[in-house]
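Colleague: There's a structure below that I have some questions on.
The values are calculated or read from the model by the stated rules, or taken from the named source; none is laboratory data. Not measured: the values here are computed from a predicted model. No Cβ is skipped: glycine too gets one built from the backbone with ideal geometry, and neighbour counts run over all protein chains shown. These area figures cover heavy atoms from the full protein model, side chains too; ligands, DNA and RNA do not enter into them. Shrake-Rupley method; radii C 1.70, N 1.55, O 1.52, S 1.80 Å.
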Amino acid sequence: MYNILLTDDEQIVIDSLTMILNKNFEGQISLFSASSGAKALEIARSGGIDIIFMDIHMPGMNGLETISLIKQINPNIAIIILSAYDQFQYAQEALNLGAFKYLTKPVNRNLIVQTARDAMNLVDSERGKLDDNIELRQKLSVVSTMVESDFIYSCAFNNNATDFSEYLNYFGIQGLPYFFACIEITGFSNDKRYDVYVKVRDVLSSKCRCITGSFMGDRIGVFFPLAQNENPDELIKEIYTMLATKISGKVKIGVSKIEQDIKNAQSAYNEAAASLSKIAGDSGLPETSGGENKDSRAKSGAEESLLEKAFVKLTTSVKVGNALAARQAAKDYFEALKAASQGQMDKIKGGLFETLVKARSAASQANPSFKDDSAAGEFSFFAQTNNFDELEKYFSERSVECASAASLSKNGEENPIVQKARQYIDGHLKDLPSLEGLADIMGVSPFYLSKLFKEQTGETYINYVTSARLEKAKKLLADDALIIKEISAGVGYNDQNYFSKLFRQKYGETPSEYRQRMLGKED
């Protein structure tokens, strides 16, 4: 399956590409659309896009600027430029930025199909390279993983009989202070055990140098040597945040105090394991870690009370599946967190990230089938974004999405967001906004709204809108007082020829032929 994003400020171009690609790659693709570079960047940042068709000249951020930013997020996305401009400098700059192909409008249908197929082959090739690299890395890490597990086991159960100097020499660790952490992960099926373990190791290796044991029950012991000026409290908090995002189970981390002598390894391990019992509720971390770490949401006085109330209001809205209330509660929480953090960006990001982890957990409890596709790119988003408005918008959209998922499970009916969107579409066929515009009205991201539409209706947003417009046109054609040009404009198509073409594709006859046949029947 290939996820393809169509980006153009002309809806007719998106509609044409949709028709061509769906006809030639049925069952192989999922289509998304954006009418601006900013929206394309937002969808690409959410993750999962393989191929992008991109216009160069668009309002706001142009195609070349968008390509540059998207390639920083994911250099493996295949980007195909569609432009009415055939100047050499545009093509050269696009290709220098990493575009896959540069095509000039109007583009032959066969060329679009072949270019899309070539892009799919490129995506397959990159996926193959990635698979090969993963396999090689796994083979090379087998021996080291076994030694690490043996070291952790010896620390936990056989301290007096083990010469730790040989292990430390093997790992190249000498004379550093250290501490132990005990990571407990619950709530996943046994067949996912290896996948969870690989994710834990990947997160740990991305953040620091450490020695990781294997699962012992539902726990993994980790030995952390401390480099100079390294802060263990911040390190553990970052690791917890990443694990809570990447793993669907419940994560807790117990931490020991800092030790200097390796002979104290067993007591340090036991202290880390014991600290798990200090973790209350869903916080995931004890009240103190390494002797100093405080709960990231602990505040004082009136600010603490206001923030806590806003948090309870938000999580309650998610649990009961009230998307409308969740949107307002998310805004209230953001303002309360901003005030309590005194505008410090890092604290605000940390609070938002941690709260979204808990919102997803609440949605998953209400709806076990809920899967938040945006979670994969969440850590990257918070790392790169330093704009309050963007943070609030993102946080609000994710909160609404969690609440809508919980609502779907509770009433077993159509998702309220899709239901509301369908009602809006039916009432605004003449001047309907783009997917991005409708997503703003619904308070969710375009990516999520498009995904919901496909899941709930079996159609993409564009196909649904096209069908709704054409069905409305059929009803209007029964009134012979209306001319076809008026009907076309009345359902949102200012180009009558394009309207007639779509009508014939769907119903096998032109609007004029349909009207004559219907009126003939009435006579």
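Colleague: Condition first: farther than 17 Å from residue 393 by Cα, over 21 Å from the mean Cα position of the chain (by Cα) and not basic (Lys, Arg). Now tell me which residues in segment 312-338 satisfy that.
Modeller: Hits for segment 312-338 are 312, 316, 317, 320, 322.
Colleague: Please specify each residue of segment 96-111 satisfying the condition of being aliphatic (A, V, I, L, M) and in a loop (DSSP other than H, G, I, E, B).
Modeller: 97, 99, 107
Colleague: Let me ask another. Please indicate, with yes or no, whether at least one residue in segment 426-448 is modelled with pLDDT under 90, surrounded by fewer than 21 Cβ atoms within 10 Å (Cβ to Cβ), farther than 30 Å from residue 389 by Cβ and not aliphatic (A, V, I, L, M).
Modeller: There is at least one residue in segment 426-448 that is modelled with pLDDT under 90, surrounded by fewer than 21 Cβ atoms within 10 Å (Cβ to Cβ), farther than 30 Å from residue 389 by Cβ and not aliphatic (A, V, I, L, M).
Colleague: Which one is nearest to residue 224 (Cα to Cα) among residues in segment 171-208 that are open to solvent by 30 Å² or more (accessible area, probe 1.4 Å) and in contact with a helix residue (DSSP H, G or I) (Cβ under 6 Å, 6 or more places away or on another chain)?
Modeller: 207
Colleague: Is there any pair with a first residue in segment 417-434 that is in contact (Cβ under 8 Å) with a residue 24 or more places away in the chain and a second that is assigned to a loop (DSSP other than H, G, I, E, B) and of a type in the set (Val, Ile, Thr) whose Cβ atoms are under 9 Å apart and which are 6 or more apart or on different chains, and what are they?
Modeller: 417/444; 429/491; 430/491
Colleague: I would also like to ask the following. Just checking, how many residues over segment 477-497 are polar (S, T, N, Q) and loosely packed, with under 12 Cβ neighbours inside 10 Å?
Modeller: The initial filter retains those residues of segment 477-497 that are polar (S, T, N, Q), namely 488, 494, 496-497.
After this cut, where a residue has to be loosely packed, with under 12 Cβ neighbours inside 10 Å as well, the list is 494, 497.
Of the residues in segment 477-497, 2 are polar (S, T, N, Q) and loosely packed, with under 12 Cβ neighbours inside 10 Å.
Colleague: For residue 395, state whether it is within 13 Å of the chain's Cα centre (by Cα), aromatic (Phe, Trp, Tyr), modelled with pLDDT under 85 and open to solvent by less than 40 Å² (accessible area, probe 1.4 Å).
Modeller: Values: within 13 Å of the chain's Cα centre (by Cα): yes; aromatic (Phe, Trp, Tyr): yes; modelled with pLDDT under 85: no; open to solvent by less than 40 Å² (accessible area, probe 1.4 Å): yes.
So residue 395 fails the test.
Colleague: Quick one: what pairs do we get from segment 476-491, first residue under 11 Å from residue 429 (Cα atoms) and of a type in the set (A, V, I, L, M), second open to solvent by less than 30 Å² (accessible area, probe 1.4 Å) and in a helix (DSSP H, G or I), C-beta under 9 Å, 6+ apart or different chains?
Modeller: 489/499; 491/468; 491/469; 491/470; 491/473; 491/499
Colleague: Which of the following residues is open to solvent by 20 Å² or more (accessible area, probe 1.4 Å), in contact with a Phe, Trp or Tyr (Cβ under 9 Å, 6 or more places away or on another chain) and closer than 22 Å to residue 108 by Cα: 51, 12, 81, 29?
Modeller: 12 is the lone residue from the list that is open to solvent by 20 Å² or more (accessible area, probe 1.4 Å), in contact with a Phe, Trp or Tyr (Cβ under 9 Å, 6 or more places away or on another chain) and closer than 22 Å to residue 108 by Cα.
Colleague: Also, quick follow-up: Every residue in segment 23-41 that is part of a strand (DSSP E or B) and within 18 Å of the chain's Cα centre (by Cα), please.
Modeller: At the first step, the residues of segment 23-41 found to be part of a strand (DSSP E or B) are 29-34.
Passing the criteria: 30, 31, 32, 33, 34.
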